[in-house]
Amino acid sequence: MCNQIVGLIQAAIERVGITTVSITLLKEVTEKIAPPRAMFVPYKLGYPLGKPNDPELQKRIIKEALSLLHRNDLPIMTEFKDV
Amino acid sequence: MATFDEMILTHRLFMRGFPFSRYKIDPLPSSPLTKPLSQAKVALITTAGLYLEGQPKFDSSIKLGDSSFREIPRDILTQNLKEGHRSSAFDHRGVRDDKNLVLPLDRFREMVENGEIGSLNHRHFSFMGAIIAPGDLINKTAPQVADLLKSDNVDVAFLTPV
């Protein structure tokens with residue numbers, strides 16, 4: 001449900017003129033809600049930034065998500081590849 | 001990777017039956033960033049049910065979900081956040097170990113220090129995402145947070161589920 005609620009909050013924020021990007025853990029849900037910019041990450045529920053106490057991985061995820069902010073071919077959902 | 005197939009039966013049946021398409025965002029708003037990220041003010045939003053000591057906990061007894069939100073000041077110690085999400089669909093151990101897993105305040109502070117991001121807003125927001133009937137969220141609490149961020153002149157919102 002969290003992934004749906006994130007999309008709904010995101011839409012409300014984008015609507016007032018603020019650029020938004022979200023992480024999603026459930027592609028199946030986010031495809032249906034279709035928020036402006038989302039990045040799917042291949043982790044289990046509860047782990048949107050990958051791993052606890054892994055600053056390097058967390059930062060890679062954040063940076064890749066932020067790279068979507070200038071895009072306006074919406075809605076978009078990209079996939080983060082954990083190498 | 002999280003998919004419906006790996007959830008326990010009751011969660012899987014619920015997710016398969018839930019009419020997510022009813023909440024498709026339409027019309028789709030579009031506000032692309034028009035300035036470099038290095039000049040942008042950023043706010044973080046999570047649905048992880050985080051709150052601070054002294055704030056009311058999220059109300060897990062509301063069957064259809066608690067649509068309220070908590071304000072998280074920028075300069076708190078990230079690990080002082082508490083996690084009170086009612087869902088049993090996810091493994092809570094990660095977030096209890098490191099709050100940056102869901103609200104990466106420390107990572108964003110580092111990016112501000114490095115000049116990669118302009119600034120962090122003085123407040124961030126936490127919801128508890130287990131909301132089955134999101135009418136109140138859509139009509140009331142999400143627009144409230146959007147208006148607060150607008151009044152703070154925030155340029156970018158970064159959102160995370162659990």
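The values are calculated or read from the model by the stated rules, or taken from the named source; none is laboratory data. Since this is a predicted model, take the numbers as computed values, not measurements. Note that each Cβ is placed from the backbone with ideal geometry, even for glycine, and that neighbours are counted across all protein chains shown. For the accessible areas, the whole protein counts, side chains as well, though only heavy atoms, and no ligand, DNA or RNA atoms are used. Shrake-Rupley method; radii C 1.70, N 1.55, O 1.52, S 1.80 Å.
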*Averaged over A:21-33, number of beta-carbon atoms from partner chains that fall within 10 Å*: 6
*Can you tell me the relative contact order of chain A? Whole percent, Cα pairs under 8 Å, sequence separation 6 or more.*
30 percent
*Working out 0.36 nm times the residue gap between residue B:112 and residue B:150, then minus their Cα-Cα distance, what length gain in nm do you get to one decimal?*
11.7 nm
*Tell me the label-point distance for the pair residue A:81, residue B:74, using the 7 Å Cα-to-Cβ offset, in nm and rounded to one decimal.*
3.6 nm
*If you place +1 on the Cβ of every Lys and Arg, -1 on the Cβ of every Asp and Glu, and leave all else neutral, what size is the dipole of the range B:28-160 about its Cα centre, to the nearest 20 Debye?*
220 debye
*Work through the residues other than residue B:59 whose Cβ is under 14 Å from its Cβ and net out their charges, Lys, Arg +1 and Asp, Glu -1.*
+2
*Go through B:116, A:79, B:6 and list them by solvent-accessible area, largest first, probe radius 1.4 Å.*
B:6, A:79, B:116
*Value at 222 nm in deg cm²/dmol, rounded to 500, when DSSP H runs of n ≥ 4 in chain A each add -39,500 (n - 2.57)*: -12000 deg cm²/dmol
*How much accessible surface does residue B:13 have with a 1.4 Å probe, in Å² rounded to 10?*
110 Å²
*If you add up the charges near residue B:85, with Lys and Arg at +1 and Asp and Glu at -1, over every other residue whose beta carbon is less than 14 angstrom from its beta carbon, what do you get?*
+3
*Got a sec? What order do A:70, B:11 fall in by accessible area at 1.4 Å, biggest, i.e. largest, first?*
A:70, B:11
*asked:* Let me test this: with uniform point scatterers at the alpha carbons of the protein assembly as shown, what is the Debye-based log₁₀ I(q)/I(0) at q = 0.10, 0.11 1/Å?
replied: -0.40, -0.49
*What value, in deg cm²/dmol to 500, does the helix sum -39500 (n - 2.57) over DSSP H runs of n ≥ 4 give at 222 nm once divided by the residues of chain B?*
-5500 deg cm²/dmol
*asked:* If you average the alpha carbon positions of the range B:20-65 and of the range B:98-117, how far apart do those two centres end up, in angstrom?
replied: 17 Å
*At a Cα cut-off below 13 Å, give the aspartates and glutamates reachable from residue A:27, other chains included and same-chain residues fewer than 8 away excluded.*
A:79, B:5
_Pick from B:132, B:25, B:45 the residue whose mean-square fluctuation is largest in a GNM of chain B, springs joining Cα atoms under 10 Å._
B:25
*Over the Cα atoms of chain A, what is the Rg over Rh ratio if Rh follows Kirkwood?*
0.95
*In nm², what is the average projected area of the convex hull enclosing the Cα atoms of the range B:1-156?*
10.7 nm²
*Within the range A:22-42, backbone nitrogen closer than 19 Å to the virtual label 7 Å beyond the Cα of residue A:72 toward Cβ*: A:22, A:35-38
*Give the residues of the range B:5-38 whose amide nitrogen is closer than 16 Å to a point set 7 Å from the Cα of residue B:133 in the direction of its Cβ.*
B:19
_For chain B, set up a GNM with springs between Cα atoms under 10 Å and report which of B:30, B:68, B:88 has the largest fluctuation._
B:30
*Per residue of B:113-123, count partner chain C-beta atoms within 10 Å of its C-beta, then hand back the mean as an integer.*
1
*Go ahead and set up a Gaussian network model of chain B, Cα springs under 10 Å, then flag whichever of B:63, B:82, B:24 fluctuates most.*
B:24
*Set of aspartates and glutamates near residue B:24 by C-alpha distance (under 14 Å), chain-local residues within fewer than 8 positions excluded*: A:28, A:31
*asked:* Could you tell me which residue out of B:114, B:89, B:48 lies farthest along the dipole of the range B:37-160 toward its positive end? Charges go on the beta carbon: Lys and Arg +1, Asp and Glu -1, centred on the Cα centre.
replied: B:89
*Can you list the lysines whose alpha carbon is less than 19 Å from that of residue B:57, not counting same-chain residues fewer than 8 positions off?*
B:82, B:99
_Peptide B:128-140, shielding by other chains (average Cβ, 10 Å cutoff)_ = 3
_Alpha-carbon centroids, the range A:20-83 and the range B:73-87: separation in whole Å_ = 21 Å
*Pull up the DSSP beta bridges for the range B:37-160 and report the antiparallel fraction as a percent, rounded to 5.*
45 percent
